[in-house]
Amino acid sequence: MREDGFAVIPRFKAEAEIASLRRRAEAIVQHFDDSDASVFSTRDQAARSDEYFLASGDKVRCFFEEEAFDAIGRLRQPKALSINKIGHAMHDLDPEFERFSHGDDLHAVACEAGLTDPKVYQSMYIFKQPGIGGEVDWHQDGAFFFTDPPTVTTFWFALEDAGQTNGCLWVHRGGHRTPLRRRFVVRGGAARMLTLSGMPWPAFDERDVLPLEVERGTLVVFQGLLPHCSAPNRSPISRHAYTLHAVDGRARYSSENWLQRTAAFPARGFLL
Ligand code: FE2
């Protein structure tokens with residue numbers, strides 16, 4: 001982890017846990033009223049970060065794939081196959097997700113990753129739908145969870161086998177030692193992406209750019225400065241994953257981060 005910026009832990013979650021989480025995600029989508037939904041795009045995040053997204057930090061909301069709709073705004077495929085993700089507080093609001101997101105084993109991994117007082121700010125269930133699963137460009141998660149010093153750590157659970165054909169994660173090994181390029185801030189109610197460093201990507205040594213082809217149940221943990229991306233999913237097989245983002249409670253959490261918690265609804269650790 002210290003050397004590469006990430007660690008891959010196979011068989012971290014059991015089949016039964018994965019199956020219940022998937023069933024629960026399906027139910028959330030089924031009950032989702034799509035009349036006020038927003039398309040989620042990381043390509044044009046600032047422009048599309050409307051009220052629906054910015055107000056979702058303490059809620060359970062569904063977001064559509066960018067390619068879900070045809071030219072006249074009709075869904076190209078059934079709703080269940082059109083959702084990009086569910087976010088962003090299932091780990092605190094939904095008992096099934098809460099169970100999956102907590103435990104001694106996760107706390108131990110967080111400590112190993114360097115978090116002394118982990119606080120889990122965000123959960124996302126990512127569908128990476130067959131055929132239309134959107135690309136996620138190179139980025140660092142530290143852009144979204146700015147702390148001083150940088151502490152955000154990502155916990156990425158494969159809920160299905162992830163390979164190059166269905167859009168697995170790609171990482172820049174050792175890239176956690178490069179600076180934070182961009183930062184997503186909210187100022188005066190408006191969101192925008194700031195450029196902090198002109199360091200390009202992926203101007204990496206090719207040998208350090210790796211696809212993380214993993215089996216379901218695998219946990220990938222990575223540091224907030226590690227550049228990562230994923231290709232679109234043009235295959236007929238989905239690539240469900242679940243992520244948690246935790247910061248160290250001892251670091252200063254920026255008041256300009258889009259996701260803010262309040263004393264009434266604080267971010268908690270991995271131990272309940
Ligand atoms: Fe990310």
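The values are calculated or read from the model by the stated rules, or taken from the named source; none is laboratory data. From a predicted model like this one, the values you see are computed outputs, not experimental measurements. Because the Cβ atoms are built from the backbone with ideal geometry, glycine has one as well, and the counts that use them run over all protein chains shown.
Applying the condition of being in contact (Cβ under 8 Å) with a residue 60 or more places away in the chain and among the aliphatic types (A, V, I, L, M) to the stretch 132-162 and asking which residue is nearest to the ligand (Cβ to nearest atom) yields V136.
Does T178 satisfy the condition of being more than 23 Å from F12 (Cβ to Cβ) and at pLDDT 95 or above?
Details: more than 23 Å from F12 (Cβ to Cβ): yes; at pLDDT 95 or above: no.
So T178 fails the test.
Against the condition of a type outside the set (V, I, T), within 16 Å of the ligand (Cβ to nearest atom) and farther than 26 Å from S56 by Cβ, how does P211 come out, does it pass? Let's see the steps before the verdict.
Values: of a type outside the set (V, I, T): yes; within 16 Å of the ligand (Cβ to nearest atom): yes; farther than 26 Å from S56 by Cβ: yes.
Criteria met by P211.
More than 16 Å from the ligand (Cβ to nearest atom), more than 21 Å from K85 (Cβ to Cβ), assigned to a loop (DSSP other than H, G, I, E, B) and of a type in the set (S, T, N, Q): does that describe S197? It is true that S197 is more than 16 Å from the ligand (Cβ to nearest atom), more than 21 Å from K85 (Cβ to Cβ), assigned to a loop (DSSP other than H, G, I, E, B) and of a type in the set (S, T, N, Q). The set of residues in the stretch 109-130 that are in a loop (DSSP other than H, G, I, E, B) and either among the hydroxyl-bearing types (S, T, Y) or out of contact with any helix residue (DSSP H, G or I) (no Cβ under 6 Å at 6 or more places or on another chain) (or both) comprises A113, G114, L115, T116, D117, F127, K128, P130. If you check G87, G103 for being within 16 Å of the ligand (Cβ to nearest atom), modelled with pLDDT of 95 or more and either of a type in the set (V, I, T) or out of contact with any helix residue (DSSP H, G or I) (no Cβ under 8 Å at 6 or more places or on another chain) (or both), only one passes: G87.
Quick check on R261: is it basic (K, R) and in contact with a Lys or Arg (Cβ under 8 Å, 6 or more places away or on another chain)?
Working: basic (K, R): yes; in contact with a Lys or Arg (Cβ under 8 Å, 6 or more places away or on another chain): no.
Answer is no for this residue.
Filter the stretch 196-228 for residues that are touching a Gly at 6+ places or on another chain (Cβ under 7 Å) and in contact (Cβ under 8 Å) with a residue 60 or more places away in the chain; which is surrounded by the fewest Cβ atoms within 10 Å (Cβ to Cβ)?
Pass one, the stretch 196-228, residues touching a Gly at 6+ places or on another chain (Cβ under 7 Å): 204, 208, 213, 222-227.
Right, trim to in contact (Cβ under 8 Å) with a residue 60 or more places away in the chain and you get 222-227.
Details: F222: 27, Q223: 24, G224: 23, L225: 20, L226: 24, P227: 25.
Looking at the filtered set, the residue picked out is L225.
Among G142, G114, G133, which is more than 18 Å from G217 (Cβ to Cβ), at pLDDT 95 or above and crowded, with 21+ Cβ neighbours inside 10 Å?
Values: G114 fails: crowded, with 21+ Cβ neighbours inside 10 Å; G133 fails: at pLDDT 95 or above.
Selected residue: G142, the only one of G142, G114, G133 that is more than 18 Å from G217 (Cβ to Cβ), at pLDDT 95 or above and crowded, with 21+ Cβ neighbours inside 10 Å.
When you scan the stretch 68-99, how many residues do you find that are assigned to a loop (DSSP other than H, G, I, E, B) and touching a Leu at 6+ places or on another chain (Cβ under 7 Å)?
Of the stretch 68-99, the ones assigned to a loop (DSSP other than H, G, I, E, B) are 70-74, 76-78, 82, 89, 94.
Narrowing further to those that are touching a Leu at 6+ places or on another chain (Cβ under 7 Å): 82.
Number satisfying all stated conditions: 1.
Among residues of the stretch 81-101 that are closer than 16 Å to H240 by Cα and charged (D, E, K, R), those with a Cβ under 8 angstrom from a residue that is modelled with pLDDT of 95 or more and surrounded by 22 or more Cβ atoms within 10 Å (Cβ to Cβ), sequence gap 6+ or separate chain, pair up as K85/Y125; K85/I126; K85/F127. Flag not set for G189, criterion: more than 16 Å from the ligand (Cβ to nearest atom), more than 18 Å from the chain's Cα centre (by Cα), surrounded by fewer than 20 Cβ atoms within 10 Å (Cβ to Cβ) and within 16 Å of L226 (Cα to Cα). Within the stretch 225-236, one or more residues are closer than 24 Å to Y125 by Cβ and in contact with a helix residue (DSSP H, G or I) (Cβ under 6 Å, 6 or more places away or on another chain). Within the stretch 172-182, not a single residue is under 30 Å from D70 (Cα atoms), away from the ligand (no atom under 13 Å from the Cβ), among the hydroxyl-bearing types (S, T, Y) and not in a helix (DSSP H, G or I). Going by the conditions given, is H102 under 17 Å from the mean Cα position of the chain (by Cα), buried (at least 16 other Cβ atoms within 10 Å of the Cβ), in a loop (DSSP other than H, G, I, E, B) and not β-branched (V, I, T)? Answer is yes for this residue.
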